[in-house]
Amino acid sequence: MASKERYSAKDKSLHGLHGSLLLQAKPGFYLILFLLAWFLFVSTLFNSHRGGRSEGQILDLRSHAGDEVGQLSAVTGRCPEGIAQFYMYDLPPRFNFALLDACRTLNVYTDMCPHVANRGLGQLIFSAPGDELRRADGSWYATHQFIGEMIFHARAERHPCRTTDPLVAEIFYVPFYGGLHASSKFREPDLAERDRLAVELEEFLLDQPTWWRRNGGDHFLALGRTAWDFMRDDADGSVDFGANRLLRLPAVANMSVLTVERNPWKGHNQFGVPYPSYFHPRTEEEVLSWQDAMQRARRTHLFAFVGGPRKGIEKAAVRAAILEQCGASPRCLRVECEPGSSQCHDPDRVLEVMMGSEFCLQPPGDSFTRRSVFDAVLAGCVPVFFSPHTAYTQYGWFLPADAAEYSVFLDGEERWGRIEEELSQIPQEEVARLRSRVIG
């Protein structure tokens, strides 16, 4: 039976009998998949090319056919007790690796070729002479904020809970580079063409016998862009900002979706995961060393803002207030993100400003969330939020349930109209407690 006919016959059970597996199972599997595999992947990656490579010889793993990719694909270690085994689909290359062949056009705003190197970690950042903070060579990268799906894929390949036998798997990972594909099609006027690869992925999944075991309820995607980029509404009067309809496809609606930003109202099967930052440690010792450095960092300013103005009534108002107050205060540090400026994409500059400040302002940007939140956490800078959807409704697996443990929330125009006054009223003992929680 053709996949579409088969799906039509089962679509009621697809949405009724089986919800997202994550609504039935503990989210610990996904959390450990991120954290445990981090060290396995990065350690192996760097052990394979630390021996005398120059900056111009950085290992580039964009190709899906290279020997080094095969070496990295070998599973290592033993699956911890109580963690579900997962099966990773070997998708046709057009759904992931083949997309990287056109890396220059994967994003309508920037050349992604430097960013897809090293399985998505991007280009190595080398320690400057006399850099006391930094930082072990081989652990710092200029990682793009929307590249998480590649990093997740690389970790999953080496994860000890990965099984090559679909019959024993409890969960199924679909390594689709949906975010990279979506960003390459933002300006595609033909909606059918914009959606084509997503539709082909749905057809591929519906042809897999493993799909029908739970009607896709035990399948998941990891996407490096926000959910909004995959939820185009074709209703009359809706604004088309370049999204496709991946997350509105009936089959995908029954899967679990890991994304850097979930839809707070309609994302029942969406689960927020952090944006990648610049630090990719190989050992626990590197993490502890960095935490100690952030505790000792000399913070000369009260608050900082890395960003620029935005359009849209509420976003524009919040950012205008921030830019005005920061510019007028000697206690504020700012990195201006104006069109054409490279400062906001300079890891050293961003971290320097955040490490020198007690608080880092995190207003909504093009969407609710910001990669800057996790840059601030990395720098030990207490995040200040202006919307609950920038973090509180997004990252429940990763952040404390009590937002007051690690952040400040300025709700309403009256409070974000007097930012310096609000932050100055927080006792120094409380600031130290918040910072320790963030660094932890």
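The figures follow:
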item: Where a label projected 7 Å from the Cα of SER329 along Cα→Cβ would reach, residues of region 353-375 with amide N under 12 Å; result: 358-362
item: Percent accessible area from carbon and sulfur atoms, region 95-251, protein chains only, probe 1.4 Å; result: 52
item: Solvent-accessible heavy-atom area per residue, rounded to whole Å², over region 86-272 at 1.4 Å; result: 36
item: Aspartates and glutamates whose Cα lies under 17 Å from that of LYS266, excluding same-chain neighbours fewer than 8 positions away; result: ASP229, ASP233, ASP234
item: Summed side-chain charge close to ASN244 - residues other than ASN244 whose Cβ falls under 14 Å, Lys, Arg +1, Asp, Glu -1; result: -2
item: Size descriptor, Kirkwood hydrodynamic radius, that averages inverse alpha-carbon separations across region 358-400, Å; result: 10.4
item: Additional length obtainable on full extension of the chain from GLU413 to GLN291, 0.36 nm per residue less Cα span; result: 40.5 nm
item: Cubic angstrom per residue, convex hull over Cα atoms of region 86-272; result: 142
item: Whole-angstrom Cα spans of region 287-440 along principal axes, big to small; result: 41, 32, 30
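The values are calculated or read from the model by the stated rules, or taken from the named source; none is laboratory data. Given the structure is predicted, the values throughout are model-derived calculations rather than measurements. Glycine also receives a Cβ, built like all others from the backbone with ideal geometry; neighbour counts cover every protein chain displayed. To get the accessible areas, we keep the full protein, side chains included, count just its heavy atoms, and leave off ligands, DNA and RNA. Shrake-Rupley method; radii C 1.70, N 1.55, O 1.52, S 1.80 Å.
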